[in-house]
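Engineer: Once you've had a glance at the structure underneath, I'll fire off some questions.
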Amino acid sequence: MTFAWYAHLKELSSKPWIIAALISWGVAFFEYLLQVPANRIGYGSLSLPQLKILQEVITLTVFVPFAFFYMKQPIKLDYLWAGCCLLGAVYFMFRGGH
């Protein structure tokens, strides 16, 4: 979803927002084709909050390299602190099981 949500800021900045939205929706469609089955499979062994925390960790793990390499944004210490907060969230979601 990172590419669908943010790549248009770089690649389609001169296009009308509706064009960017339609292209982003097209990109997101293919990710949803993977996300929905993955959630259905994962829900058999993980709770809903656990699935959500994993999604957030994956999102930040993808976002940081995307922001640095693709969008040419500087790396900030805030990414580290956000990652530490997510590690805390993972701990609390998974410490007691379901």
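Engineer: Using square roots of five times the C-alpha gyration tensor eigenvalues, list the equivalent-ellipsoid semi-axes of segment 1-73 in whole Å, biggest first.
Structural biologist: The three semi-axes for segment 1-73 are 27, 16, 8 Å.
Engineer: How much length would be gained if the chain were fully extended between TRP5 and ILE19, taking 0.36 nm per residue of separation minus their Cα-Cα distance, in nm to one decimal?
Structural biologist: 3.7 nm
Engineer: Here is a further query. Taking 0.36 nm per residue of separation and subtracting the Cα-Cα distance, what length does fully extending LEU33 through ASP78 add?
Structural biologist: 13.0 nm
Engineer: Using a/c under 1.5 as the rounded threshold, could you call segment 46-98 rounded, prolate or oblate? The axes a ≥ b ≥ c are square roots of the C-alpha gyration tensor eigenvalues, and prolate needs a/b larger than b/c, oblate otherwise. Don't skip to the answer; put the middle values down first.
Structural biologist: Working: a/c = 5.47, a/b = 2.17, b/c = 2.52.
Note, shape of segment 46-98 comes out oblate.
Where a number appears in this text, it was derived from the coordinates with a stated rule and is not lab data. All of these numbers come straight from a predicted model, not from anything done at the bench.
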